[in-house]
Amino acid sequence: PSTRISSSYAPMGAGLVVDGGYLVNGTKIWTTHAHHANRMFALVRTSDGERQQDGISFILIDMKTPGITTRPILTIGGDHEVNQVFFDDVRVPVANRVGEEGKGFRASMRALDLNRPTIGAQSVGLAQGALDACIAYAKERKQFKQPIAELQGVQFMLADMATEIDAARLLVHRAAWLSRNGGGYVNAEGSMSKLKAGRVAVWATERAIQILGGNGYTREFPVERMHRDAKIYDIFEGTEQIQQLVIARAISGLRIE
């Protein structure tokens, strides 16, 4: 079977250096699919530093190591699977450290930066799915002896959805192209793509419920679930407000390392 890896980007617990390795203790919440993972990337504080982000290291942890337990978070909205992970005297070899000692925070920020267009792409896909469902429904659903797709008010909502989704898609494509071919972002294009696409996913799925009317608010149709799922894309890999900070600092020349 293929190796499944879960990522933990928030600094977690303490990793004391013992016998040529780390002794990890702590709890990590909001870890996606942790109980399915064979290995986990985790940020662990391995030393103190002048700044809060100093002394944090990236390590790769085998999830079969004694002392690790997981618990699902059952109250989360949408259909996303998230776990808490508990570390109780978990021994990790120093060879499992990824990158330099104490430099994990900067690496994690770079990883987040590069991953944001993928979240934007997921957001665009969800929004497009909502639009597709709306178009199919509007062609079939009839009021006043005609499909509601022929009603101007519905047409306006469909047109706005298509336009906003395409705008988000183009931002995602630009960020992905720059990441692959341009050697990196110029002005936080990754954050721009996630910010726009996350907002569009939430807005478009809300519009979808409006178009389907009462049916849109039931679980008999997919747009209700899509709306619940959409909100997480506006939050994880950095909230909407974090993206605004990244973008503002980049365009003003105040980028903080």
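The values are calculated or read from the model by the stated rules, or taken from the named source; none is laboratory data. Quick caveat, the model's predicted, so the values are computed rather than measured. Here Cβ is always computed from backbone atoms with ideal geometry, including for glycine, and neighbour counts include all displayed protein chains. In case anyone asks, the SASA skips ligands and DNA or RNA and just uses the protein heavy atoms, side chains included. Shrake-Rupley method; radii C 1.70, N 1.55, O 1.52, S 1.80 Å.
A single member of Arg180, Arg199 is under 16 Å from the mean Cα position of the chain (by Cα) and among the basic types (Lys, Arg), and it is Arg199.
Among residues of segment 168-185 being farther than 18 Å from Asp132 by Cα and in contact (Cβ under 8 Å) with a residue 24 or more places away in the chain, the one that is surrounded by the fewest Cβ atoms within 10 Å (Cβ to Cβ) is Ala176. Scanning segment 199-246 for residues that are surrounded by fewer than 18 Cβ atoms within 10 Å (Cβ to Cβ) and among the β-branched types (Val, Ile, Thr) yields a count of 4. Restricted to segment 42-65, and to residues that are modelled with pLDDT of 85 or more and either touching a Cys at 6+ places or on another chain (Cβ under 9 Å) or over 14 Å from Tyr22 (Cβ atoms) (or both), which residue is surrounded by the fewest Cβ atoms within 10 Å (Cβ to Cβ)? Filtering segment 42-65 for residues that are modelled with pLDDT of 85 or more and either touching a Cys at 6+ places or on another chain (Cβ under 9 Å) or over 14 Å from Tyr22 (Cβ atoms) (or both), the one surrounded by the fewest Cβ atoms within 10 Å (Cβ to Cβ) comes out as Lys64. In segment 66-75, of all residues being loosely packed, with under 13 Cβ neighbours inside 10 Å and under 23 Å from the mean Cα position of the chain (by Cα), the one that is modelled with the highest pLDDT corresponds to Pro72.
The residues of segment 186-198 that are open to solvent by less than 50 Å² (accessible area, probe 1.4 Å) and polar (S, T, N, Q), listed by number, are Ser191, Ser193. Would you confirm whether or not segment 210-233 contains a residue that is touching a His at 6+ places or on another chain (Cβ under 9 Å), farther than 30 Å from Gln143 by Cβ and among the hydrophobic types (A, V, I, L, M, F, W, C)? So far as segment 210-233 goes, yes, one or more of its residues are touching a His at 6+ places or on another chain (Cβ under 9 Å), farther than 30 Å from Gln143 by Cβ and among the hydrophobic types (A, V, I, L, M, F, W, C). Of all residues in segment 199-257, those that are among the hydrophobic types (A, V, I, L, M, F, W, C), in contact (Cβ under 8 Å) with a residue 12 or more places away in the chain, farther than 19 Å from Phe105 by Cβ and part of a helix (DSSP H, G or I) total 15. Restricting Asn25, Asn83 to those that are surrounded by 16 or more Cβ atoms within 10 Å (Cβ to Cβ), farther than 30 Å from Tyr233 by Cβ and modelled with pLDDT of 80 or more reduces the list to Asn25. The numbered conditions (1) modelled with pLDDT of 95 or more; (2) loosely packed, with under 15 Cβ neighbours inside 10 Å are all true for Gln128 except (2). Modelled with pLDDT under 90, in contact with a strand residue (DSSP E or B) (Cβ under 6 Å, 6 or more places away or on another chain) and either closer than 30 Å to Gly20 by Cα or open to solvent by 70 Å² or more (accessible area, probe 1.4 Å) (or both): does that describe Val94? The answer is yes for Val94. Find the residue count for segment 215-238, including only residues that are among the β-branched types (Val, Ile, Thr) and closer than 12 Å to Val202 by Cβ. Of the residues in that region, 2 qualify.
Taking only segment 125-167 into account, find how many residues are touching a residue at least 24 places away in the same chain (Cβ under 8 Å) and small (Gly, Ala, Ser). Total meeting the criteria: 7.
When you look at Met157, is it part of a helix (DSSP H, G or I), closer than 13 Å to Arg116 by Cβ, open to solvent by 30 Å² or more (accessible area, probe 1.4 Å) and touching a helix residue (DSSP H, G or I) at 6+ places or on another chain (Cβ under 6 Å), yes or no? Don't jump to the end; show me each part of the working.
Working: part of a helix (DSSP H, G or I): yes; closer than 13 Å to Arg116 by Cβ: no; open to solvent by 30 Å² or more (accessible area, probe 1.4 Å): yes; touching a helix residue (DSSP H, G or I) at 6+ places or on another chain (Cβ under 6 Å): yes.
For Met157, the condition - part of a helix (DSSP H, G or I), closer than 13 Å to Arg116 by Cβ, open to solvent by 30 Å² or more (accessible area, probe 1.4 Å) and touching a helix residue (DSSP H, G or I) at 6+ places or on another chain (Cβ under 6 Å) - is not met.
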